[in-house]
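Working notes, structure below.
The values are calculated or read from the model by the stated rules, or taken from the named source; none is laboratory data. Just so you know, these numbers come straight off a predicted model, no measurement behind them. Backbone-built Cβ (ideal geometry, glycine too); neighbour counts: all protein chains shown.
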């Protein structure tokens, strides 16, 4: 087996040194009834050629996004990732290292995390950010629990425009911990009166910008209203590229930002791994979940980095930790950091402008398809269409014609007939004019 | 002042000490400023087309302020991250004996497979007819995990080990709720990973510690005394964090079940028994598997991980969404609490799980096969026992062997030397090794936990053993405490001031502070 260096001669020598008759004898503490004496019923070893052949055959059964006109978003976005990103994250010193517990031999990862934290703080307009969480949805749940701890209140108001997966993940935590959710139904066309739901026990109001239907709003007034009632404003961002064109959550008065960072540096990956971004005010940092890299000096007075404030964390605080999280999304955070470093201010704002322009072009073209109405007054790179027929069937028909058209809202809310005709579509810098024309003209044909 | 003389003054304000340099660089160890200190406004490492002119639809939410991101070209970015990478130790560089973390070789075939566009370039919300191969891959991986553990069901979505623990305990809570029971105590051995008690608390349970016995196992009498009608579950790591197999596990499982509680196993150490012992045969109801440990998906400097949870029949109906099932038209995703999934406890994260890790883990499993996986655990345990035997005289084993996949020592051999576990570990760094896990598990004084894994050759182990013996001898001579306290000497940075970092946290770069510092 190509990954196992021990030879039979090595094994014999080592057993002799140990004074054990056989490898099996080393397992003597396992109850005999539980010891298997032969391999389990699974295929035996394969060489690279066979594994590659088998897995390539599975991959070939899928329609990859890059092979067709592609307009799916709804929380996961297809962007161009510069070639340097994937090259650098595959350097073994990044790829095959552990969490940087030993700072003297982990300065590379630690400095990168410090840079990641700074970048996340900058684009969200917040004071501090952590070293990543699993994904946006779990970050949202962590944000609500942090708001509960900070305010010592136990009700969270979740906007109907919050991504359904984020609502569901947060509801999962709420099911087992003593806090309640007030989650009004989705309102794809209109604004909601969330403040009417805020009472003296409300810890936070959670909104998404742009929301799952693509509407983009300035939540500054909501931020002020929350503050007046002692509730925190949590802003969720599922499309990190939007922050290059949209006013930052910090500027709107957000207390906590929970975001998905996949759009920068990371592939679609069929939904994972992605990277949760988490940012807040400096005064709240000791209630933050997850790891933090901090600046310090070494024994010779030189600047360096360490993991810090770990008394918040499970390996020190055990059942009193702010979160149970341990492993997070280090390598995805690295990809994010490299991509954003390549873009810089000029590239990031241009990328955002390009996404917006593509979406405006998509909206103009789809708006001319008979029977199709665009619900959004405002949007960044994503919008919701009302079709004259149930959207799920249209999406399936378009898929047969090799167009991946968007996400029918019924995939999230199958039981609400009022939402059945709605389709969420996104455009990014990867879409060409030809893609847009193919989508629109094929949609015309399918609707006819 | 010229630009070049300014550049030099930024490196060092004084002439170099002996062995030092003007630049602060030392040969291949090159100092590297932050990205933010390399900014030139307008510079960019990506050439994007000019956006077509359109009327903005951003309304009042349009950004008007600058962000403050630095501008670098591609060569600068590539050099920056290459230099950073060179300040890291990694499996690819050498033995990484971090106990309980299973730092084994990460095969590059797995990276190649995960990057096939048919996996990496798939959106989780594509029509299911267009992702049949992806669903089949997850189903195939699930079959391997179920077969290796003997368990009938597996929840695939958890994003890491601790997330898997959360999944497991939520499944147990949901099952108890369904039984109409309000059991709220979870028993956790003192030797457990910190995630165990933290997870139990995150699910609304209270946590009670179980002591270890003199043999490094759970004190069964103490455990049985604590079992009662209000106990929801026992969380046990097996092999445990002392590197020992819980030899009374079948009796423990029987007692837990007799009390009406569930048996959760932390599968972090599954590498010791994969292919040789099926957790189902031990009476376990629920166990997470760290794909980034046993099945070699790279740890990436802190993730991403993946933590599927295998479940007994009694817990399977409560598994989180989504489920992958064999439907009428091939594979199908169940994303709602309906039909067979009506008792599912909910969703833990966005989408369907860590697909990128699934591809890597399956590629690893297929490469080894059932026979190779059995060899994995055999060699992992053999390597650990070789270290235990070879270092038994120079260091102090915490418990007699045989051990499983990791060898645990206490700091008895350092008694009265003035050298602590930490100092010993830091001295290892100068010898070219990542330290072992230190001060964990908590049940052993000054613990040094060494997990070599099966991917180390005998030569590699022999060199490591020789170094550990030499360092132990040096410590015992009693005249080198000060030298140990100063180690490491040869790293890009010496020991770092962690207390200072926590007292006055600096968690990001700030332009204003940098400008102020420059002015001073």
*If residue A:37 satisfies every condition in (1) at pLDDT 95 or above; (2) surrounded by fewer than 21 Cβ atoms within 10 Å (Cβ to Cβ) but one, which is the exception?*
(1)
_Is it the case, given these coordinates, that residue B:86 is farther than 22 Å from residue A:3 by Cβ, in contact with a strand residue (DSSP E or B) (Cβ under 7 Å, 6 or more places away or on another chain) and at pLDDT 95 or above?_
no
*Does region B:356-378 contain any residue that is within 10 Å of chain A (Cβ to nearest Cβ) and assigned to a loop (DSSP other than H, G, I, E, B)?*
no
_Enumeration of residues in region A:187-212 that are within 23 Å of the chain's Cα centre (by Cα) and either assigned by TED's automatic domain parsing to the domain that holds residue A:418 or surrounded by 23 or more Cβ atoms within 10 Å (Cβ to Cβ) (or both)_ = A:204, A:205, A:206, A:207, A:208, A:209, A:210, A:211, A:212
*Residues in region B:131-169 that are within 8 Å of another protein chain (Cβ to nearest Cβ), surrounded by fewer than 24 Cβ atoms within 10 Å (Cβ to Cβ) and not in a helix (DSSP H, G or I): how many?*
0
*Give the number of residues within region B:66-79 that are facing chain A (nearest Cβ under 7 Å) and either modelled with pLDDT under 95 or at negative phi (or both).*
9
*Meets criteria (touching a residue at least 12 places away in the same chain (Cβ under 8 Å), in contact with a helix residue (DSSP H, G or I) (Cβ under 8 Å, 6 or more places away or on another chain), buried (at least 22 other Cβ atoms within 10 Å of the Cβ) and at the interface with chain B (Cβ under 7 Å from one of its Cβ atoms)) for residue A:88*: yes
*asked:* residue A:99 - would you say it is in contact (Cβ under 8 Å) with a residue 40 or more places away in the chain, at the interface with chain B (Cβ under 7 Å from one of its Cβ atoms), closer than 30 Å to residue B:501 by Cβ and not in a helix (DSSP H, G or I)?
replied: yes
*Just to be sure, is residue B:204 modelled with pLDDT of 95 or more and at positive phi?*
no
_Residues being over 17 Å from residue A:116 (Cα atoms), touching a residue at least 24 places away in the same chain (Cβ under 8 Å) and touching a strand residue (DSSP E or B) at 6+ places or on another chain (Cβ under 9 Å) - total across region A:276-297_ = 2
*Can you name the condition, by its number, that residue A:340 falls short on among (1) within 7 Å of chain B (Cβ to nearest Cβ); (2) farther than 27 Å from residue B:290 by Cβ; (3) assigned to a loop (DSSP other than H, G, I, E, B); (4) within 18 Å of the chain's Cα centre (by Cα)?*
(3)
*Of all residues in region A:146-166, how many are assigned to a helix (DSSP H, G or I) and surrounded by fewer than 24 Cβ atoms within 10 Å (Cβ to Cβ)?*
5
*Could you list, in sequence order, the residues of region B:242-269 that are crowded, with 24+ Cβ neighbours inside 10 Å, touching a helix residue (DSSP H, G or I) at 6+ places or on another chain (Cβ under 8 Å) and away from every other protein chain (no Cβ under 12 Å)?*
B:262, B:263, B:264, B:265, B:267
*asked:* If a residue must be loosely packed, with under 13 Cβ neighbours inside 10 Å and part of a helix (DSSP H, G or I), how many such residues does region A:40-50 contain?
replied: 1
*residue A:7 fails exactly one of the following numbered conditions: (1) free of Cβ contacts under 8 Å to residues at least 12 places away in the same chain; (2) facing chain B (nearest Cβ under 7 Å); (3) under 30 Å from residue B:89 (Cβ atoms). What is the number of that condition?*
(2)
*From A:431, A:376, which residue is surrounded by fewer than 24 Cβ atoms within 10 Å (Cβ to Cβ), under 28 Å from the mean Cα position of the chain (by Cα) and within 24 Å of residue A:267 (Cβ to Cβ)?*
A:431
_Residues within region B:313-336 that are part of a loop (DSSP other than H, G, I, E, B), more than 29 Å from residue B:115 (Cβ to Cβ) and more than 10 Å from every other protein chain (Cβ to nearest Cβ), tallied_ = 5
*Which residues, taken from region A:357-384, are in contact (Cβ under 8 Å) with a residue 60 or more places away in the chain and touching a strand residue (DSSP E or B) at 6+ places or on another chain (Cβ under 8 Å)?*
A:359, A:362, A:366, A:372, A:375, A:376, A:380, A:381, A:382, A:383, A:384
*Failed item, numbered, when residue A:389 is tested on (1) assigned to a loop (DSSP other than H, G, I, E, B); (2) without any contact (Cβ under 8 Å) to a residue 60 or more places away in the chain; (3) more than 7 Å from every other protein chain (Cβ to nearest Cβ); (4) closer than 30 Å to residue A:149 by Cα*: (4)
_region B:108-129, residues that are at the interface with chain A (Cβ under 7 Å from one of its Cβ atoms) and surrounded by 22 or more Cβ atoms within 10 Å (Cβ to Cβ)_ = B:113, B:118, B:119, B:120, B:122, B:123, B:124, B:125, B:126
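Residue by residue, here is whether (1) free of Cβ contacts under 8 Å to residues at least 40 places away in the same chain; (2) under 30 Å from residue B:499 (Cβ atoms); (3) in the same structural domain as residue A:129 (by TED's automatic domain parsing); (4) assigned to a loop (DSSP other than H, G, I, E, B) holds:
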| position | (1), (2), (3), (4) |
| --- | --- |
| A:315 | yes, yes, yes, no |
| A:324 | yes, yes, yes, yes |
| A:327 | no, yes, yes, yes |
| A:331 | no, yes, yes, no |
| A:335 | no, no, yes, no |
| A:349 | no, no, no, no |
| A:352 | no, no, no, no |
*Residue tally, condition part of a loop (DSSP other than H, G, I, E, B) and more than 9 Å from every other protein chain (Cβ to nearest Cβ), over region B:505-520*: 1
*Quick one: which residue in A:74, A:131, A:174, A:139 is within 21 Å of the chain's Cα centre (by Cα), assigned to a loop (DSSP other than H, G, I, E, B) and within 22 Å of residue A:280 (Cβ to Cβ)?*
A:131
*Filter region A:1-34 down to residues that are modelled with pLDDT of 95 or more and within 22 Å of residue B:140 (Cβ to Cβ), then give me how many there are.*
2
_So, in region A:292-313, how many residues would count as being more than 7 Å from chain B (Cβ to nearest Cβ), within 15 Å of residue B:504 (Cβ to Cβ) and over 27 Å from the mean Cα position of the chain (by Cα)?_
1
*Can you tell me which residue within region A:299-312, out of those that are under 26 Å from residue A:120 (Cα atoms) and touching a strand residue (DSSP E or B) at 6+ places or on another chain (Cβ under 9 Å), is modelled with the lowest pLDDT?*
A:309
*Can you confirm whether region B:291-309 contains a residue that is crowded, with 24+ Cβ neighbours inside 10 Å and in a strand (DSSP E or B)?*
yes
